[in-house]
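The values are calculated or read from the model by the stated rules, or taken from the named source; none is laboratory data. Every value quoted in this text rests on a predicted model; they were computed, and no experiment measured them. Note that each Cβ is placed from the backbone with ideal geometry, even for glycine, and that neighbours are counted across all protein chains shown. The area values use the complete protein model at the heavy-atom level, side chains included, leaving out ligands, DNA and RNA. Shrake-Rupley method; radii C 1.70, N 1.55, O 1.52, S 1.80 Å.
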Amino acid sequence: IQLEEGASFQGQGMQLNINTATLELRREVRLQVTSGFYGMVQTLSTSRLVLLLDTCEWLGESEGFEVGQWFLKEFLPQLHERLTKWHKQCSVVIASRIKLSMERMQGQDVYSYVLPFLSKDAIHDYLSQIGMSDADLREKIAKITYGHALCVEIIGILWQERGVTSFSNADLPDFQDQFNERALLDFLQDRLYQRLPSPFRELTKYSSLLRRFDLPLLEA
């Protein structure tokens with residue numbers, strides 16, 4: 001039986017709350033997986049475990065909120081406690097575009113760092129590795145990205161998709177148009193527009209009309 005989240009199924013005097021059943025099933029799956037993970041960790045011969053986790057802003061969004069609460073408030077603290085008992089250390093590096101709630105891990109156990117934009121040298125090094133040999137072209141491309149890692153990644157993808165064997169300054173405007181189109185999709189559609197709840201999703205369509213606005217106008 002497949003029903004939408006929160007729906008109910010009725011038949012022969014029985015009513016099943018799909019929402020409650022789904023949550024219970026997810027909890028059971030997490031318990032099984034976590035138990036298996038703890039068993040694997042206990043066999044580690046090293047004295048330190050390091051977890052590297054990327055794009056963790058998903059843990060604070062609506063579709064990942066349930067998992068995020070479990071991961072931050074239950075799994076990580078319990079993992080830390082278990083490893084302490086086993087005389088092992090645990091470090092977790094969490095990359096996220098938004099600040100996550102870490103109530104269970106306060107004080108000196110948590111350190112926050114703001115990652116800087118990529119330096120010009122780092123961008124030049126990356127562009128050289130993907131085959132962009134012209135230093136003048138790399139300089140112009142670096143200015144387009146403003147040092148933003150996602151922009152540099154988009155440039156790299158476009159460059160490899162083109163299979164560039166020769167590239168001149170005359171090709172740059174067309175290449176920048178392709179970059180703008182791809183960045184528009186990646187930034188506005190995927191990372192902003194699709195994640196906005198109503199009515200803010202609709203309001204973004206008319207943002208160019210709202211030259212000046214305040215909270216009462218926005219609410220109206």
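Numbers at a glance
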{"quantity": "Net dipole in debye of region 45-99 [+1 Lys, Arg Cβ; -1 Asp, Glu Cβ; about Cα centre; nearest 20]", "calculated": "420 debye"}
{"quantity": "Percent accessible area from carbon and sulfur atoms, region 74-197, protein chains only, probe 1.4 Å", "calculated": "52 percent"}
{"quantity": "DSSP-assigned coil residues among GluC sites (Glu not before Pro) in region 87-174, each with at most 14 further Cβ atoms within 10 Å", "calculated": "Glu103"}
{"quantity": "Whether region 82-186 is rounded, prolate or oblate, judged on the alpha carbon gyration tensor where a/c under 1.5 counts as rounded", "calculated": "prolate"}
{"quantity": "Hz values of 3J(HN,Hα) by residue in region 146-155 - Karplus curve (6.51, -1.76, 1.60), Gly and Pro given as x", "calculated": "6, x, 7, 4, 5, 5, 5, 5, 4, 4"}
{"quantity": "Eligible lysines near Lys140 by straight Cα distance, threshold 16 Å, same-chain separation 8 or greater", "calculated": "Lys120"}
{"quantity": "Amide H contacts of Val92 (H built 1.01 Å from N, under 5 Å, at least 5 apart or other chain)", "calculated": "Leu51"}
{"quantity": "Segment Arg182-Arg201, length gained on full extension (0.36 nm per residue, minus Cα span)", "calculated": "4.8 nm"}
{"quantity": "Gyration tensor (alpha-carbon) shape descriptor, region 21-114, a/c threshold 1.5", "calculated": "oblate"}
{"quantity": "Solvent exposure of region 31-151 as accessible area per residue, Å², 1.4 Å probe", "calculated": "68 Å²"}
